[in-house]
Amino acid sequence: ASATAQLIPTIKAGLEWLDRAGYINLISTRGDEVKLEVGNRQKNGAASVESSRLNSMLAESAAFRRYYLTVDKDRLVITDKES
């Protein structure tokens with residue numbers, strides 16, 4: 001997740017989409033360890049649901065990045081004086 005600057009749930013959603021779309025075969029996930037193999041390129045019926053979910057998560061991330069690039073830095077951090 002840190003290598004892509006995304007949240008862990010977004011990475012998991014991406015892996016689930018890749019699995020359902022047939023690009024990978026997601027064998028197991030345990031903690032931060034993922035086992036996978038090359039997929040068979042055959043789509044599962046739930047790929048469109050996963051695609052919608054993933055696109056929503058990526059759009060939220062993109063919106064935050066746009067906000068972060070334009071917001072006044074003093075509005076991002078609350079100091080002890082302000083609380």
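The values are calculated or read from the model by the stated rules, or taken from the named source; none is laboratory data. This one's a predicted model, so the numbers in the text were calculated from it and none came from an experiment. Heads up, the Cβs are rebuilt from the backbone with ideal geometry, glycines too, and the neighbour counts pull from every protein chain shown. Accessible surface is based on the protein model in full, side chains and every heavy atom, while ligands, DNA and RNA are left aside. Shrake-Rupley method; radii C 1.70, N 1.55, O 1.52, S 1.80 Å.
Can you tell me the 0 to 90 degree angle between the C-alpha axis of helix 8-20 and the longest principal axis of the chain, rounded to 10?
Approximately 20 degrees, to the nearest 10.
Using 0.36 nm times the number of residues separating ARG30 and SER56, minus their current alpha carbon distance, what extension gain do you get? Don't skip to the answer; put the middle values down first.
Numbers: separation 26, 0.36 × 26 = 9.36 nm, distance 2.47 nm.
Here the segment from ARG30 to SER56 would lengthen by 6.9 nm.
Between ALA63 and TYR23, what is the label-point separation in nm under the 7 Å Cα-to-beta-carbon projection?
2.4 nm
Once fully extended, how much extra length lies between THR70 and ALA1, figured as 0.36 nm per residue of separation less the alpha-carbon to alpha-carbon distance? Show your work: numbers first, answer last.
Working: separation 69, 0.36 × 69 = 24.84 nm, distance 2.38 nm.
Answer, rounded to one decimal: 22.5 nm.
Taking 8 Å as the Cα distance limit and 6 or more residues as the minimum spacing, I'd like the relative contact order of the chain as a percentage. Could the numbers behind the result be given before it?
On the way: 66 pairs, mean separation 19.8, N = 83.
Reported as a whole number, the value is 24 percent.
Top mean-square fluctuation among GLY39, GLY31, GLY14, Gaussian network model of the chain, C-alpha springs under 10 Å?
GLY31
How much accessible area does LYS35 have with a 1.4 Å probe, in Å² rounded to the nearest 10?
110 Å²
Taking springs between alpha-carbon atoms closer than 10 angstrom, which of LEU26, LEU58, LEU69 fluctuates most in the Gaussian network model of the chain?
Evaluated over the chain, the most mobile residue of the options is LEU69.
Computed FRET efficiency, Cβ-Cβ of THR79 and ASN40, R0 41 Å: what is it to the nearest 0.05? All intermediate terms of the calculation are to be shown ahead of the outcome.
Working: r = 55 Å, r/R0 = 1.33.
About 0.15, to the nearest 0.05.
List the aspartates and glutamates whose Cα sits under 16 Å from the Cα of LYS12, skipping any in the same chain fewer than 8 residues away.
Result set, ordered by chain and number: ASP32, GLU33, GLU37, GLU50, GLU60.
Between (1) 56, 25, 19; (2) 35, 24, 17; (3) 108, 32, 12, which entry matches Cα extents along the principal axes in Å as derived from the coordinates of this structure?
(1)
Helix-only mean residue ellipticity at 222 nm, the chain, DSSP H runs n ≥ 4 weighted -39,500 (n - 2.57), per residue, nearest 500. What is it?
Values: 3 runs with 41 residues, N = 83.
So the calculated ellipticity at 222 nm is -16000 deg cm²/dmol.
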